[in-house]
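The values are calculated or read from the model by the stated rules, or taken from the named source; none is laboratory data. This structure is a prediction, so every number in the text was calculated from the model and none was measured. Positions of Cβ are backbone-derived with ideal geometry, glycine not excepted, and every protein chain shown enters the neighbour counts.
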């Protein structure tokens, strides 16, 4: 797969900054105001989903789009963060607030191991290995049947097995804000995580580190020849992209008050991958645009019942054919030749 | 077909036609994903019940409409938004589901906050702990069937009754348990293991197999090395179970073979062929083979085709009828936020007994979960029958061999044991 050259990199940086700041300010205002204009629980819940997937896809975009490493481990990293926070809360009574950061750290450690395992691989082989790791993680959870703790007449396995983990608490917004406003707490927490993840992605993409990632992606041998350590930067990108992904996993667990092995389903993985591709691979605004667009499509397709998946597939197909550079690519004029 | 309960609803409606404002009812069912085949049956059953209820005047003259949301692969992230959407977008007064297994009761808070009625068939013992732990908050949440836990104790009761009847004389008192890795299978396997000694049985083997599985050789070798009186396979996937029978019957042990859920699906008989004959299985939730049940089964197949599965659809069909009747008796339905009216309906659901196509629905209090007969009550009019069935001719439907008075044919010694 050849990554398109981001026209932003060939444009005046100040112009880019002004444009990005304007878009960011508008997006933030919309996200903050929306739940008060439409105080609908379902919409607020969908907002939480949107923010969590934006956080995950923006970090995945760093590895996949910016770094050019075809890793499919992002949902496994997300699950590790979510499971870590849930298990710490369930077994050690660790607050989910604290567990959220610990989940991010555990996810970072896990991602570094994945990065190490992929060091000698490239292209499709990275995809195969990371997909195998994610699948193995799911199978390990599902086949965990050894009784770890008794809950009434049922046996609780360490990971929750195929049933998943639940009743480990939440972020306590019901006590803080009252039952009616509790969803707003989850909404703004997920928003904060997504915002932090996007800000982090922005800093990485437009920093020298981001340039190094792109250099390795576009010409590995040449970049090594110019003194860029591919090992160091590959590990850095795996580690850096995992923290907010793990945190998002923890917020997911706290919001739904449950987490199960189905989070590692390939169908969800492909759905998130589609968000990244449709938004614009390697582009900063791609994850936000792609996630928003696909969730809106998915919402519209719900009226079709069992035909939803077919409708979604058709939209994906048309998007790839008519928008090869993603949604963000539609709004970018070609830079003048220099 | 809706017979007595239908007549009762028509009576409460006092001849009114269903012409008033529509009452929205929700159903969060898996229309896509691994359980989509069952989800389609849940949808069909809800539509069938809706039409019958409306033909009888709806609920106090108001017709009902059912809105469906896809719960996909049944994770918490699928189920909770589906429930919330039904409440917010369609303003549903009740949610009547088949099963959704992945949320582990996490969706209960969404329902409790809205204060509506929710009847599901998740067959999950965790429901007892959650609702029983806070009956006030979860006043409107009911599990329309008994928990999976009862499969364990129910099997032991069945075996002892069979032994006592003289129809079967076991060689020993050993049970070999083979479970899959899914929690449903493990809960049942553990329930058998825990209660076995109390019922006079020893567990000679407890084997967990990684599923899906088609190569049963190592497990069969252990069974043949120490033949038990009963082989209880609590894994449920029909093609895996059919493979077990294909590999077991060429060199069988003198053991009864009991399997969980899978043999009720046509895929089991299609793959196992004549090796399916003699296999026992049970269900705590399916339409009966009696007059009422068969009338439903026939009407369902007439409407949706010979390949449709009324056994699966029955749970939603019964619960929607039950809800409509209780709402009518309580003076009408209540939407989200109308706690007082929904409390009245919940009171009726708790206090009354309903005879549907699956038998009797009556709830444990305060857990609000179906009571199984004969596992938890000796009176067939007071609990939902835990049906034991046996494939006696693989070209036909299985025969219901217990409990009385629902039996359609007596137990028959499996062919591998008779020979």
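Values computed for the structure shown
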read-out: Criterion (touching a residue at least 60 places away in the same chain (Cβ under 8 Å) and within 11 Å of chain A (Cβ to nearest Cβ)) met by exactly one of B:98, B:132, B:75; value: B:132
read-out: Some residue of segment A:86-96 being within 14 Å of residue A:238 (Cα to Cα) and assigned to a helix (DSSP H, G or I); value: no
read-out: Of the criteria (1) buried (at least 24 other Cβ atoms within 10 Å of the Cβ); (2) away from every other protein chain (no Cβ under 11 Å); (3) closer than 21 Å to residue B:184 by Cβ, which one residue B:35 fails; value: (1)
read-out: Residue in segment A:187-205 that is modelled with pLDDT under 85 and more than 12 Å from chain B (Cβ to nearest Cβ) present; value: no
read-out: In segment B:265-287, residue nearest to the chain's Cα centre (by Cα) [restricted to those that are surrounded by fewer than 22 Cβ atoms within 10 Å (Cβ to Cβ) and in a loop (DSSP other than H, G, I, E, B)]; value: B:265
read-out: Segment B:238-264: number of residues that are farther than 19 Å from residue B:155 by Cβ and in a loop (DSSP other than H, G, I, E, B); value: 4
read-out: Evaluation of residue B:275 against (1) assigned by TED's automatic domain parsing to the domain that holds residue B:400; (2) in contact with a strand residue (DSSP E or B) (Cβ under 8 Å, 6 or more places away or on another chain) (one fails), failing number; value: (2)
read-out: Odd one out for residue B:103, checked against (1) at pLDDT below 95; (2) under 17 Å from the mean Cα position of the chain (by Cα); value: (2)
read-out: Any chance residue B:55 is in the same structural domain as residue B:28 (by TED's automatic domain parsing), over 22 Å from the mean Cα position of the chain (by Cα) and free of Cβ contacts under 8 Å to residues at least 40 places away in the same chain; value: yes
read-out: Index of the failed condition, residue B:269 passing every other in (1) out of contact with any helix residue (DSSP H, G or I) (no Cβ under 9 Å at 6 or more places or on another chain); (2) closer than 25 Å to residue B:403 by Cβ; value: (1)
read-out: Conditions (1) surrounded by 19 or more Cβ atoms within 10 Å (Cβ to Cβ); (2) assigned to a loop (DSSP other than H, G, I, E, B): number failed by residue B:317; value: (2)
read-out: Restricting segment B:298-313 to residues that are in contact with a helix residue (DSSP H, G or I) (Cβ under 6 Å, 6 or more places away or on another chain) and in a helix (DSSP H, G or I), the residue that is farthest from residue B:36 (Cα to Cα); value: B:300
read-out: Residue B:156 away from chain A (no Cβ under 14 Å) and within 24 Å of the chain's Cα centre (by Cα); value: yes
read-out: Segment A:250-259: number of residues that are touching a strand residue (DSSP E or B) at 6+ places or on another chain (Cβ under 8 Å) and assigned to a helix (DSSP H, G or I); value: 2
read-out: Qualifying residue in segment B:46-54 (condition: farther than 25 Å from residue B:290 by Cα, more than 12 Å from chain A (Cβ to nearest Cβ) and out of contact with any strand residue (DSSP E or B) (no Cβ under 6 Å at 6 or more places or on another chain)); value: yes
read-out: Number of the exception - residue B:293 against (1) modelled with pLDDT of 95 or more; (2) under 15 Å from residue B:398 (Cβ atoms); value: (1)
read-out: Exclusive hit being at positive phi and either outside any helix (DSSP H, G or I) or surrounded by fewer than 23 Cβ atoms within 10 Å (Cβ to Cβ) (or both), set A:282, A:311, A:239; value: A:282
read-out: Qualifying residues in segment B:189-230 (those that are within 11 Å of another protein chain (Cβ to nearest Cβ), in a helix (DSSP H, G or I) and in contact with a strand residue (DSSP E or B) (Cβ under 8 Å, 6 or more places away or on another chain)) - the one modelled with the lowest pLDDT; value: B:190
read-out: Test: residue in segment A:265-278 that is touching a strand residue (DSSP E or B) at 6+ places or on another chain (Cβ under 9 Å) and within 14 Å of another protein chain (Cβ to nearest Cβ); value: yes
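Each row is one residue, and each column tells you yes or no for (1) within 13 Å of chain B (Cβ to nearest Cβ); (2) under 23 Å from residue A:136 (Cα atoms); (3) assigned to a helix (DSSP H, G or I); (4) at pLDDT below 90.
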| site | (1), (2), (3), (4) |
| --- | --- |
| A:15 | no, no, yes, yes |
| A:23 | no, no, yes, no |
| A:30 | no, no, yes, no |
| A:33 | no, no, yes, no |
| A:39 | yes, no, no, yes |
| A:42 | yes, no, yes, yes |
| A:47 | yes, no, yes, no |
| A:55 | no, no, yes, no |
| A:77 | no, yes, yes, no |
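Yes/no per residue for (1) out of contact with any helix residue (DSSP H, G or I) (no Cβ under 6 Å at 6 or more places or on another chain); (2) modelled with pLDDT under 95:
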position: B:349; (1), (2): no, no
position: B:352; (1), (2): yes, yes
position: B:369; (1), (2): no, no
position: B:374; (1), (2): yes, yes
position: B:390; (1), (2): yes, no
position: B:403; (1), (2): yes, yes
position: B:407; (1), (2): yes, yes
position: B:413; (1), (2): yes, no
position: B:418; (1), (2): yes, yes
